[in-house]
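Contents: one structure, followed by commentary.
Every read-out reported here was derived from the displayed coordinates using simple, explicitly stated rules and does not represent laboratory data. In this text, all values refer to a predicted model and were calculated from it rather than measured experimentally. Here the Cβ is made from the backbone with ideal geometry for all residues, glycine too, and neighbour counts use every protein chain on show.
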Amino acid sequence: MSTCCTTPAFEPPSTPPSGALRTVVLIGPPNSGKSTLFNRLTGLRQKVANYPGVTVEQRMGLMAGVGHDDLTLIDLPGVYSLTPYSEDARVAVDVLKGKMPGTPKPDAVIVVLDSLHLTRQLMLAAPVLALGLPTLVLLNMSDLMEARGGSVDPLKLAKELGAPVALISATHGTGLDAVPLFLNQHSSHQAAARQLTLPVLGNAASTHTWASQISRRTGYHAPLSAAGSRKLDNILLHRIWGPLLFLVVVVGVFEVVFSIGQPMADGFGEILARAAELIRPLIPGSWLQSLLLDGAWKGISSVLVFLPQILLLFLFIGVLEDTGYLARAALIADRVMRTTGLNGKAFIPLLSAYACAVPAIMATRTIENKRDRMATILVTPFMTCSARLPVYMLLIAAFIPNVTYLHGALGLRTLVMLGLYVAGFVAAMTTAWLLKSSVLKSSETPFILELPQYRMPTLRSLGIRLIDRAKVFLRQAGTVILCVTLVLWVLAHIPVVHVAGGSFSAPELADSVIGRLGHFIEPIIAPLGFNWKIGIGLLSSVLAREVMVSTMGTLYGADPGTQALTLQNALHHDMTLGGALALMIFFAFAMQCTSTMAVVRRETNSWKWPAFQFAYMLVLAYVSAFAVNHIVAAIFG
Amino acid sequence: MPQVCNSDLNGRILKSDYSGRSSRVLPFRRPRGVRQVSVLSELNVGESGVVAALNLPESVQNHLMHMGFVPDALVVALRRAPAGDPTVYCVDGMEIALRHETAEGIRLRSPEAENSDNASELELVQAVR
């Protein structure tokens, strides 16, 4: 042991590597408030990635306020034990043992336990302590425990566990000074050899006996269970009110996203358009002006305007998740999901797929059964993700009249939008049933779902979530969409034609490279009611759905005949109602998202599944769009 | 009737009421004609039982034990899901939903076995009287 605690900042480089802390791992059972604590300790200095080869999300962040600048905190997935029951637990064990490639071996461990259910939570502490790393045990939600009449002696517990113990509240940020204290102590000397009696590891019964003995010896008095959550569940899980309120919540979310989000999007769009006019005189050269403003800027801003609505949707799903309502929704949905052969747990990824399929597919890792998980992954892209919103909203605004029913409470536009959501959901359920009764047939897996207590979501965690999402969206707009619009603009302007007088000018849009390409594929898409411009849009939207809107923006912006019109009016002149509805249905069913395909490929570890998924969805989309176009044309003449 | 479920009283109480007061009902006092349940799925909402053993696949069993379904744990059937199937059980202060077929694999201690367990205690109580 070294003599004294030196200031870590001036640590000489000759210190043996075991003395300096580099990597700290945060582990805890699900719903123990681990993520809140992680956000507290790292703030915005975190990065989210995936562990190589598996789908488990890896969250890392630099810790602030400890005295080191390079101290990395790794947030492990929430696990009940280190028994490899799920992929999450396998990853946790590998990281803890330093066997995860690309992840540094941890120097210390912070265990977060929910003090409301300490006895059960201590069962995780046993295998972690057995690893022999310097360990700090944090008892979270201690304020709630004390408020409800519970108590525990942290000193006695520390003695029993052979590790420092602190009572904290991650939500309020109290007691957190124990973390830097612990880390600075351990950066100067190694963990003292502990003499512990640990249970037979891997044996649940023995671990439970050990945990209950410890909690008894440390005077742990469990708080009364929350009456509030129970009372709320009396209503939210009521036989009649439960499902009804569930529907109200879902419809309400969409209503708010459209009624509040639409003016926000319009306002934002106006600001973006004005910005373009402000910089127009500053750019020299008419072709450069055209490239930057009519090509790139118009394309990007037609997608950017949907940022407020998408963030609003993510906000609602975040609130539902953080309050603990999503688990109840899974419970309510279990009966319906069962008819498809899946269980209620598959419902949580499906619901979050309303925001984006990529995190939803990653969230399927909570499904223990491999075949169930595969089926869920395959049907997830049918759920109406936020990238479809720009396309739907553009087409609905252009083609569906703004009529309201029931004294203005329900608009036709909202109904059409809801219909598209329902179409996606029905397609997902039917496909799940088909898969589960054929290729992915399996014995039914147990449905074990913990209902967490209702919690108030913190602004902090919601804020971090929204900033993350906005970053992803803006990165997409700045890279993929920017490139696509620039390429499109160039393709729409070559080959250049000679004009009398020796100067060059752009060709007619129909004569340009892109125009010829569009005309080439027109025979395939004409039966669906799409013209060649839509065809170009469909080709470009294979990258990402929202690219469709920017492509349309660029194409109609490049065409002198429609340049002056807004995109909505231009489309209205160019398409029939049948074609527009067919286009919406096409977008509801087709798999136009390279990020989703990449994530499916990583999940399933083969190209076979994403290829199958792409082909299946494309055929379904084509056939449905064909049917819709012809039915609508027959009805409305 | 909603039950107060408290982990602290694990396996010791047989009945409790709104106030959180728990009364110990000794076997000889148990009313006649009481329903005998042998597996968890047979519990009605509001009833409670003590886990005897788990009869499920190894991995599921392990998972359930880490969630609190260990022998001697007191389980209360809290509510059924709106559609009637997954039932929410309260164990160790946590609420956990299980489907009928999973709950069927969790055996509860039969009252007879408890009688023999408590036989000495019973004699003691009678001797005191």
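Ranked by the mean number of other Cβ atoms within 10 Å of their residues, highest first, the peptides A:627-635, B:74-82 come out as B:74-82, A:627-635. Loop-located trypsin sites (Lys or Arg not before Pro) in the range A:82-147 (DSSP state other than H, G, I, E, B) with a sparse environment of at most 15 neighbouring Cβ atoms within 10 Å: A:Lys97, A:Lys99. In degrees, nearest 10, range 0 to 90: what is the angle between the Cα axis of helix A:547-558 and the longest Cα principal axis of chain A? Roughly 30 degrees, rounded to the nearest 10. The modelled label-to-label distance for the pair A:Leu244/A:Arg274, using points 7 Å beyond Cα in the direction of Cβ, is 4.6 nm.
Net charge in the neighbourhood of A:Ile168 (other residues with Cβ under 15 Å of its Cβ; Lys, Arg +1, Asp, Glu -1) is -2. Residue separation of A:Leu466 and A:Ala627 scaled by 0.36 nm, minus their Cα-Cα distance, works out to 54.1 nm of gained length.
Based on the Cβ-Cβ distance of A:His172 and A:Gln568, what FRET efficiency does E = 1/(1 + (r/R0)^6) give at R0 = 41 Å, to the nearest 0.05? Mind showing how you got there, number by number?
Details: r = 49 Å, r/R0 = 1.19.
With R0 = 41 Å, the Cβ-Cβ based efficiency is 0.25.
Is the C-alpha gyration tensor of the range A:398-469 telling us rounded, prolate or oblate? Criteria: a/c under 1.5 is rounded; beyond that, a/b larger than b/c is prolate, otherwise oblate. Oblate is the answer for the range A:398-469, as a/c is 1.5 or above yet b/c matches or exceeds a/b. Separation of the range A:263-300 from the range A:117-176 is 56 Å, based on Cα centroids.
Scan the range A:242-294 for GluC sites (Glu not before Pro) in coil per DSSP, keeping those whose Cβ has at most 11 other Cβ atoms within 10 Å, and list them by number. Loop-located and lightly packed - none at all.
Among A:Ser606, B:Ser59, A:Ser115, the order by Cβ neighbours within 10 angstrom, fewest to most, reads A:Ser606, B:Ser59, A:Ser115. From least to most packed, judged by other beta carbons within 10 angstrom and beginning with the fewest, A:Thr485, A:Thr404 follow the order A:Thr404, A:Thr485.
Which percent, nearest 5, of DSSP beta bridges in chain A are antiparallel?
Values: 16 of 33 bridges.
Beta bridges within chain A, antiparallel portion: roughly 50 percent.
Per residue of chain A, what 222 nm ellipticity follows from adding -39500 (n - 2.57) for every DSSP H run with n ≥ 4, rounded to the nearest 500? Each step should come with its number before you reach the end.
Values: 28 runs with 346 residues, N = 637.
Value at 222 nm, helices only: -17000 deg cm²/dmol.
Each residue in A:Leu247, A:Leu313, A:Leu618 was given a count of other beta-carbon atoms within 10 angstrom of its own, and listing them fewest first yields A:Leu247, A:Leu618, A:Leu313. For a modelled paramagnetic label at B:Asp72, 7 Å from Cα along Cα-to-Cβ, the residues of the range B:46-60 in reach, with backbone nitrogen under 16 Å, are B:50-54.
Give me the angle, in degrees from 0 to 90, between the Cα long axis of helix A:412-436 and the longest principal axis of the Cα atoms of chain A, rounded to the nearest 10. Roughly 60 degrees, rounded to the nearest 10.
Residues with beta-carbon under 10 Å from that of A:Gln592, excluding A:Gln592: net charge, scoring Lys, Arg +1 and Asp, Glu -1? Write out the running numbers ahead of the final one.
Details: positive: A:Arg388, A:Arg545; negative: A:Glu546.
Charge balance in the 10 Å sphere: +1.
Add +1 for every Lys or Arg and -1 for every Asp or Glu among the other residues with Cβ under 11 Å from the Cβ of A:Thr218, and state the total. Spell out each step's value before the answer.
Values: positive: A:Lys156, A:Lys159, A:Arg216, A:Arg217; negative: A:Asp153, A:Glu160.
Neighbourhood net charge equals +2.
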